[in-house]
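Working notes for the structure below.
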Amino acid sequence: MYKHILISTDGSEVAQKGLDHGLALAKAIGAQVSIITVTESFPVYASAGAGVGAGWVPIEMADYDKVQDEFANRVFAAAKQAAEQHGIAVETVHIRNAQPAEAIIETAKARGCDLIVMASHGRRGLGRLLLGSQTSEVVTRSPLPVLVVR
């Protein structure tokens, strides 16, 4: 059925549910697994400097990239531990400076995945409108099947 599953995680408790479900599915059907985390672009306002307003601290791009890499390494350490508990070998993919939904879809296509697994916070109404939903965008735009775990 599915031979290569891309599981998206941001390291959150909600994303952990999607990761665990995707790993269990992969084990049950003998599928290969890639785990992706996406870190977004350097926020322009962060580089504006201390003159913008109280509390603003200039951030160097190199520092931002380093922090994002450290974050991704922590996410992958937890994901690899979960994979080991399921007895599954995984590949990890960190996409830097990208819009998450677009990066997830493009990575799934580039790696020959035939299923994307991701979690959803299940927000509705105004909360979804204000906060947006990467999961919703992936479901809407992906040419591949998407399994959403709540």
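Each value in this text was obtained by applying a stated rule to the coordinates, not by laboratory testing. The structure presented is a predicted model; accordingly, all values stated were derived computationally and were not measured. All Cβ positions, glycine included, derive from the backbone under ideal geometry; neighbour counts span all protein chains shown.
Counted by Cβ distance under 14 Å from Met1, the other residues give a net charge of +1, where Lys and Arg count +1 and Asp and Glu count -1. Other residues within the sphere of radius under 13 Å centred on the Cβ of Phe71, judged by their own Cβ, net out at -3 (K and R +1, D and E -1).
Proximity of backbone amide H atoms, modeled 1.01 Å from N, is registered between Thr92 and Ile35 at under 5 Å, excluding neighbours fewer than 5 places apart on the same chain.
Close amide-amide hydrogen proximity is noted between Leu147 and Ile116, Val117, Met118, each under 5 Å apart and 5 or more residues distant or on a separate chain (H modeled in the peptide plane; Pro and chain starts excluded).
Taking a straight Cα-Cα cut-off under 20 Å and skipping sequence neighbours fewer than 8 places away in the same chain, the lysines within cross-link reach of Lys80 are Lys3, Lys17, Lys27.
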